[in-house]
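What follows is calculated from the coordinates using simple rules that are stated; it is not laboratory data. What you are looking at is a predicted structure, and each value in this text was computed from that prediction instead of being measured. Glycine gets a Cβ as well: all are built from the backbone with ideal geometry, and neighbour counts include every protein chain shown.
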Amino acid sequence: MSKKTRKELLTHLALIIVSFIVLAPVLFALAKSTQTRAQVYHYPPILGPGTALVDNYRAAWYNFSLGLYMRNTLIVAGVVMFFKTLLSMLAGLGLVYFDFPFKNAIFYFILFTLMMPTEIMIVALFKLVSNIGWGNSYLALTVPFLASATGVFLFRQHFASISPHLVDAARVDGAGPVRFLFSVLIPMSWNTVGALALIQFIYMWNQYLWPLIIIRENTHQLIQVGLRSMTSQQDVTNWGIMMAGAIIAMIPPLVIFILLRQQFTSGFALSQEK
Amino acid sequence: MKSTRKLFILAVVMVIALMVVAACASKTTTKTNPAQQKVVTKIVEVTRIVEAAPKENVPKGATVVNFWHAFGGGRKLLIQRMVDDYNYTHAGTYVHVENKGSYRDTLNAAILAAQQGNPPHLVQIFEVGSQLALDSGIFVPFSDVAKPSEYHPDDLIGGVANYYKFNGKFYSMPWNSSNPILYYNKDIFRKAGLDPEKPPQTFEDMLNVCDKIVSSGAAKNCISWPLHGWFFEQWMANMGAELANNGNGRDARATEVNLTSDAAKTIVKWWKEMYDKGYYAYSGKLEDWDGSDAIFVSGQAAMEITSTSDVTNRQRDAKENGFELGTSYLPYPASSVRQGVVVGGASIWLTKGHPQKEMDAAKNFVIWFTNIENAIRWHKATGYFPIRKNSVTVLKEEDWFTRNPAYKAAFDQLLETKPTKATQGAVIGAFPQVRTIVEQAIEKVLAGKASVDDALAAAKQQADKAISDYNKSVK
Amino acid sequence: MYPAKFKGKWLPLAFLSPTLLILVVFLYYPVIQTFVLSTYRVAFLGLRKHFIGLGNFIELAQDPAYYHTVLVTVIITTAIVVVGMGISLAIALLANQPIKGAPIYHILLIWPYALSPAVAGVIFLFLFSPHFGTVNYLMSSLTGKELNWLGDPTLAILLIIMASIWKNLGYNVVFYIAGLQNINTEILEAASIDGAGPWRKFWSVTFALISPMTFFLLITNITYSFFDIFGMVDIVTKGGPLDATNVMIYNLYRDGFEYYRSGMAAAQSIILFVAVVGLTLVQFRTSGRHVHYGG
């Protein structure tokens, strides 16, 4: 065996071990999702599949309308992903390809919001949004999230890494900034778009507190609130069903990741210095 | 290229227009003027169409009643089924029922919604939130809206009706009422050579029984219950001790808690002894109902003290895991006389400021929802009390309690409760916080970080401050 | 720096305006409102309020329990950031080796990220529950010993840290892999020719080149451990035992939404906010200085 193959085998081995450790809790959840309540609570613990696979997944899907919540969340996350990307791109364009007063100040003004999570000002935000009249609507779940410091930051980095000659070339062609954005920047930005879309999707997918208080009707509610309604304190929780729900709810983010993975890894601009 | 550009500009214009609407509306944070409101509603409507969420079939012209509750899991489904029945049989009214997370989430959501002038008509509020609900000023006493001949307060079981009477008014309709009972595993009792029909009655009995169970190796631990302030409160009541001053907060607003009383010390000392001897086990987390359930259901403890509302669930667990279940009264110290228990659980409150038609519809629904038949249905499905005397009569005629002895202990315990200020339950504004303070004090004692006396004295100081802060804030 | 620019002063502002507008309306304005709220004693989430100036802050400053909360937050945050990012970088380096099937590993490693913190919390609760958890069962059958994961303060902190690191591992690894894949291999080869050993090559070349990524992850990991950890703590320990895992965001939530002390909660929001801003500024000054951002 050559030294190279041995090294490759060792790497495989190490990666298999690491992947297993990382995945073990998920596999554990998968096993629990097939068990009845008594099996979940059995001691010694049952680590293999239980007898309630079909029951649990059916209950999660039908009784707790996970399908509806997932559809709602997909819509909200989709809208946020699209507009957030668009707005961040525009901001990046303005910040990189123009000179204007207080440019750095404005950039820091945007970056600063990275440190303002919804959680710490939720009462104030609730008042504001319901005074606008958006309580119980998807506007409340989308519009406040359309601007993104992360997005602006990523696009600014990415645009800055694109060769300045391209801009010159575009100007020789007589293209304005808008045409430049569409014909030059966007085709070169799919990787950043993919990365941002992934982050934003998962961010929206995991929203809990905000939708809980701002959305009044459960027909409009999002997935995490739906999951939580399976574990409310006022009844014994059927953990098997809850785990089944968690496994189902995991699928969309994973699919999105697998779809966007190539974009994401093959050109994340942050490390490229020009 | 040109068309792309046009599209793009259109998109930007749209986004900016949206922002402008947002900005304008946000400037008028105190009052939205009707014109803007209209524009905004239009936008909301448009997004509704885009969403195309499955609409519930609200009959045309029906009075819609919104009802928020805190039940998740299987009970949420049961409530939905009951409400569906109502809607099906009561044309002209449509009850829209929503689960709003935990008890606390539900109360928070209701208060926030009320601030926006759009509260749900009916809200389920847990018992310790009663003073909060009173002070919030967003609710109207039920007895102001409904006539006694409509909701028959005399038919309510004494203990249940007592809890929700404040300043002489009947404020909210009791719904899910429960108190703690002892559940035990008869198989483990047999294994330990104990009489499975004689569960321990007093604190002292408990120590003896536990000694036999643990030393015989019949189970790893003897008993479990969640480290939850609720149990402390129940034991205080059971000994006839009031938790708060001013008649447990019912004669006047409570300003102090009686955490340094002898009753309090007796409870915590016993708790500590049980723990030190390895009889009492809990998951290590506060208020962890599931943790205690797991210890008992998995056979690692012979007994569990928890809410009567778990009778149905616990019976199912026992059957699945193959052991025989028994139930009995909450144990009490032999030095005192058993006074009974406080009614825990929650009730349905009516919010203010709706048109008369909606108020009537909401009231009628509540009356139906807690009527004799529904109280029976609710009791059978959950183990919560049938809150009406007539329901009990019906259940007895059906031989329900003979066929389901597990439900009997819960029920008898409540019927035997002596109506005093102590068993009526404390009313404290800062109750949620006081509960945590008590729990943390017990936690400290169990961990050996403080003596019983010191921990309770410190807890009293903290709790009194929390109460005074609260009282100041609502003035 | 960039010779190639478009002309116009108002056009760039037009491009920036939607973003700025949303940030001002939905982030800055509520933050300012929160500032205002922090000077009141508030009942019922704002239903009633009395102005008390700095009263809330003074009370916090005099409360030893709050110092404990801050300390716990510092410990947990430091552990999550340092250990979490260290492990992530190690895994990323491993997964970035030129071997067959590498993308499969990349996909396997992202899984924890697809779960919400609360769901991750439920899984860890079941794994580590002292009485019926799998970990204690395995431990007792192997060593005869069991650990009180939820009842022992030190272990509970450890559990929260482990669970949080696990949950965020996928995110960190994926970003690091992305960063590593974009390192120009020519530079590494040049370093090898210069005779740099693998260790030196890593520190002076690889690590230096991915420093912008490290910096970015530093900020996101700090905000993660300050804020997103809430769902995890709520499910796994409820801040206990003996307040051992009562981090600032959990304390704030309890004051605001369980005890109805909104003014107090607002004051804590402000403290939390100032802390994160301060930390980030320090980073900009130190690690950020070496990172060239262009523009």
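Would you mind checking the pairs B:K100/B:K449; B:K169/B:K472; B:K169/B:K352; B:K418/B:K472 and listing those with alpha carbons more than 26 angstrom apart? Kindly include the intermediate steps, with their values, before the conclusion.
Details: B:K100/B:K449 38 Å; B:K169/B:K472 24 Å; B:K169/B:K352 16 Å; B:K418/B:K472 34 Å.
Pairs exceeding the cut-off: B:K100/B:K449; B:K418/B:K472.
If I require 27 Å or longer along the helix axis, counting alpha carbons, and a Kyte-Doolittle average no lower than 1.0, what helices from chain C are left? Use full DSSP H segments. All intermediate terms of the calculation are to be shown ahead of the outcome.
Values: long enough: C:64-95 (45 Å, 1.94); C:153-181 (41 Å, 1.32); C:262-285 (34 Å, 1.55).
Span-like helices, by this rule, are C:64-95, C:153-181, C:262-285.
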What FRET efficiency would be calculated for the residue pair C:V70, A:A105, taking the C-beta separation as r and a Förster radius of 22 Å, to the nearest 0.05?
0.10
Of A:I122, A:A175, A:L27, which is farthest along the charge dipole of chain A in the positive direction, counting Lys and Arg as +1 and Asp and Glu as -1 at C-beta?
A:L27
Spin-label point model (7 Å from Cα, Cβ direction): what's the C:N184 to C:V83 distance in nm?
3.9
Would you please give the residues with an amide H less than 5 Å from that of B:F170, counting only those at least 5 places away or on a separate chain, with H modeled from the backbone geometry?
B:S143
Does segment A:53-271 come out rounded, prolate or oblate, given a ≥ b ≥ c as the square roots of the eigenvalues of its C-alpha gyration tensor, rounded meaning a/c under 1.5 and, failing that, prolate meaning a/b above b/c?
prolate
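Per the helix-only calculation at 222 nm, which mean residue ellipticity applies to chain A, given -39500 (n - 2.57) for every DSSP H run of n ≥ 4 and division by its residues, nearest 500 deg cm²/dmol?
Working: 14 runs with 177 residues, N = 274.
Per the formula, -20500 deg cm²/dmol.
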From the phi angles alone, apply the Karplus equation (6.51, -1.76, 1.60; θ = phi - 60°) to segment B:422-428 and give each ³J(HN,Hα) in whole Hz, x where the residue is Gly or Pro.
5, 7, 6, x, 7, 10, 9
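Given the rule -39500 (n - 2.57) for each run of at least 4 DSSP H residues, summed and divided by the residues of chain B, what is its mean residue ellipticity at 222 nm, to the nearest 500 deg cm²/dmol? Let's see the in-between values first.
Working: 23 runs with 256 residues, N = 475.
After summing the helix terms and dividing by the residues of chain B, the value is -16500 deg cm²/dmol.
Can you classify segment C:63-290 as rounded, prolate or oblate using the Cα gyration tensor, where a ≥ b ≥ c are the square roots of its eigenvalues, rounded means a/c under 1.5, and otherwise it's prolate if a/b beats b/c and oblate if not? Walk me through the numbers before you get to the answer.
Details: a/c = 2.45, a/b = 1.44, b/c = 1.70.
Taking the square roots of the gyration eigenvalues as a ≥ b ≥ c, segment C:63-290 is oblate.
Report the charge-dipole magnitude of chain C in Debye, nearest 20, computed about the Cα centre from +1 at each Lys and Arg Cβ and -1 at each Asp and Glu Cβ. It would help to have the intermediate numbers written out before the result.
Working: 16 positive and 12 negative charges, 159 e Å.
The dipole of chain C has a size of about 760 debye.
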About its Cα centre, how strong a charge dipole does the protein assembly as shown have in debye, to the nearest 20, once Lys and Arg get +1 and Asp and Glu get -1 at the Cβ?
2900
Among A:L93, A:G135, A:M70, whose Cα projects farthest towards the positive end of the dipole of segment A:53-271, with charges put on the beta-carbon of Lys, Arg (+1) and Asp, Glu (-1)?
A:L93
Estimated FRET transfer efficiency when R0 is 35 angstrom, pair B:A457-B:D211 (beta carbons, to 0.05)
0.65
Can you compute the label reach from B:A334? Point 7 Å from Cα along the Cβ direction, backbone N cut-off under 12 Å, restricted to segment B:251-266.
none
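Using r as the Cβ-Cβ distance of A:S163 and C:V36, and R0 as 56 Å, what FRET efficiency do you calculate, to the nearest 0.05?
Numbers: r = 48 Å, r/R0 = 0.86.
That pair, A:S163 with C:V36, gives E of 0.70.
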Estimated inter-spin distance, B:H90 and A:A24, nm [label 7 Å along Cα→Cβ]
5.5
Given an 8 Å cut-off on Cα distances and at least 6 residues of separation, report the relative contact order of chain C as a percent.
29
Between segment B:113-142 and segment B:379-414, how many Å separate their Cα centres?
30
Where the centre of each part is set by its Cα atoms, how far does segment A:33-92 sit from segment B:347-376, in angstrom?
35
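If the viscosity is 1.002 mPa s and the temperature 20 °C, what Stokes-Einstein diffusion coefficient in µm²/s follows for segment B:410-475 when Rh is the Kirkwood radius over Cα pairs?
On the way: Rh = 13.8 Å.
Value of D from the Cα-based Kirkwood radius: 155 µm²/s.
Classify chain B as rounded, prolate or oblate from the Cα gyration tensor: take a ≥ b ≥ c as the square roots of its eigenvalues, call it rounded if a/c is under 1.5, otherwise prolate when a/b beats b/c and oblate if not.
Prolate is the answer for chain B, as a/c is 1.5 or above and a/b outweighs b/c.
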Residue by residue through C:120-128, how many Cβ atoms from other chains fall within 10 Å of the Cβ on average?
5
Farthest positive-ward along the protein assembly as shown dipole, Cα basis, beta-carbon charges - from B:G193, B:W349, A:N191
A:N191
Any chance you could get the radius of gyration and Dmax over the Cα atoms of the protein assembly as shown, in Å?
30.1, 98
